[in-house]
Ligand SMILES: [Zn+2]
């Protein structure tokens with residue numbers, strides 16, 4: 001792999017006007033020196049340049065899906081919000097189909113939308129979070145309901161809701 005490729009991540013080449021959110025998109029894999037594979041996925045929850053989840057809701061989704069996706073996706077490493085607030089990067093050991101990732105994401109968002117109480121949101125105090133005042137389970141729930149109503153596609157360009 002040339003350094004040129006490394007300097008321009010695949011995500012920066014995506015045409016954000018062509019995608020149809022909500023979707024799960026496989027971005028790329030990275031291979032470590034011992035042959036281990038790490039996969040990177042684009043979990044796009046809202047349409048780029050049309051919607052953006054407010055920070056309180058996104059922050060609460062972030063804390064909550066960290067636990068929910070770890071329980072549902074073998075080899076889960078991390079799930080971090082995009083700065084544009086339209087979704088998350090998901091990192092995993094090994095490779096998973098976008099269908100399986102989309103199904104796990106759907107279950108996680110269903111839990112937040114219809115079952116979660118404040119006790120299900122981890123790490124919301126001054127010691128465990130870097131901005132503990134900026135959480136909203138209400139906002140998280142309402143945005144998860146909207147995303148679920150639209151359906152989560154396993155393909156970024158053609159709607160294939162799981
Ligand atoms: Zn936090």
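Every read-out reported here was derived from the displayed coordinates using simple, explicitly stated rules and does not represent laboratory data. These figures come from a predicted structure and were not determined experimentally. Glycine gets a Cβ as well: all are built from the backbone with ideal geometry, and neighbour counts include every protein chain shown.
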Volume in Å³ per residue [convex hull over Cα atoms, computed for the chain]: 126
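For region 68-159, go through all pairs of different Cα atoms, get the mean of 1/r, take its inverse, and jot down that Kirkwood value in Å. Working shown, then result.
Values: mean 1/r = 0.0687 Å⁻¹.
Result for region 68-159, one decimal place: 14.6 Å.
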Highest-first arrangement of 118-131, 11-24, where packing means the average Cβ count within 10 Å: 11-24, 118-131
Extension gain from residue 51 to residue 70, taking 0.36 nm per residue of separation minus the Cα-Cα distance: 4.2 nm
Cα centroid separation, region 55-115 to region 117-162 (Å): 8
Most mobile listed residue (57, 83, 32) in the chain, GNM with C-alpha springs under 10 Å: 32
Nearest 10 degrees, 0 to 90: helix 55-72 Cα axis against the chain principal axis: 70
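Multiply the residue separation of residue 99 and residue 84 by 0.36 nm, subtract the distance between their alpha-carbon atoms, and state the gained length in nm to one decimal. Walk me through the intermediate numbers first.
Numbers: separation 15, 0.36 × 15 = 5.40 nm, distance 2.43 nm.
Here the answer is 3.0 nm.
Using Cα pairs closer than 8 Å and at least 6 residues apart in sequence, work out the relative contact order for region 3-150, in percent.
Values: 219 pairs, mean separation 37.8, N = 148.
After rounding, I find 26 percent.
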Segment residue 129-residue 91, extension gain: residue separation times 0.36 nm, minus the distance between their alpha carbons: 11.6 nm
